[in-house]
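For reference, the structure discussed in these notes is given below.
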Amino acid sequence: MNIRDPQGLIEKLKNLPPERMAEVEAFIDFLRTREDAERDAAADRLGRAMAKLAALDLPDLPPMSEDEVQAEVDAARRERRERLGADRR
C-alpha cells in the first residue's frame, strides 16, 4: 500500500460528513471483499490445477535438476522457433 501521508488521510476522513464517511467505509469493505474474492479464485484455480496434475498417471520419476529443467526449456524453445520458421516460409 502506498500512502504518502497517513495522518493527512485520517484528517480528511475526520472532516467528512457522516454520509460520506459511510460511503468510504462501504468502499473499504468492497475493496477487502474484492481482494478476498481474487485470492479465493486464485486458490480455486490452483486447487483445480493440482487435482488435474494428481489425476495424471505419471510414473514415479526423480525430481529434475535445474540443469535438466533448463535443457527441457531450451529444447521446447528450439522446437517452437523451428516450427514458427517453417510457418513463415
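Laid out as a table, the results:
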{"read-out": "Estimated FRET transfer efficiency (Gln7, Phe30; beta-carbon r; R0 35 Å; 0.05)", "value": "0.90"}
{"read-out": "Student exercise, segment 21-89 dipole from Lys, Arg, Asp, Glu Cβ charges, in Debye to nearest 20", "value": "600"}
{"read-out": "Calculated P(r) of the chain - Cα pairs past 21 Å, %", "value": "69"}
{"read-out": "Contour minus Cα-Cα distance for Glu82 and Ala41 (0.36 nm per residue)", "value": "11.1 nm"}
{"read-out": "Selection from Gly85, Gln7, Leu31, by position along the positive dipole direction of the chain (Cβ)", "value": "Gly85"}
{"read-out": "Rg/Rh ratio calculated on Cα atoms of segment 1-51 (Kirkwood radius)", "value": "1.24"}
{"read-out": "Kyte-Doolittle mean at least -0.5, axial Cα span of 20 Å or more - DSSP H helices of the chain", "value": "18-55"}
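Read-outs throughout are calculated quantities, based only on the coordinates presented, and are distinct from any laboratory measurement. Computed from a prediction, not measured in an experiment: that's the story for all the values here. All Cβ positions, even for glycine, are placed from backbone atoms using ideal geometry, and neighbour counts span all protein chains on display.
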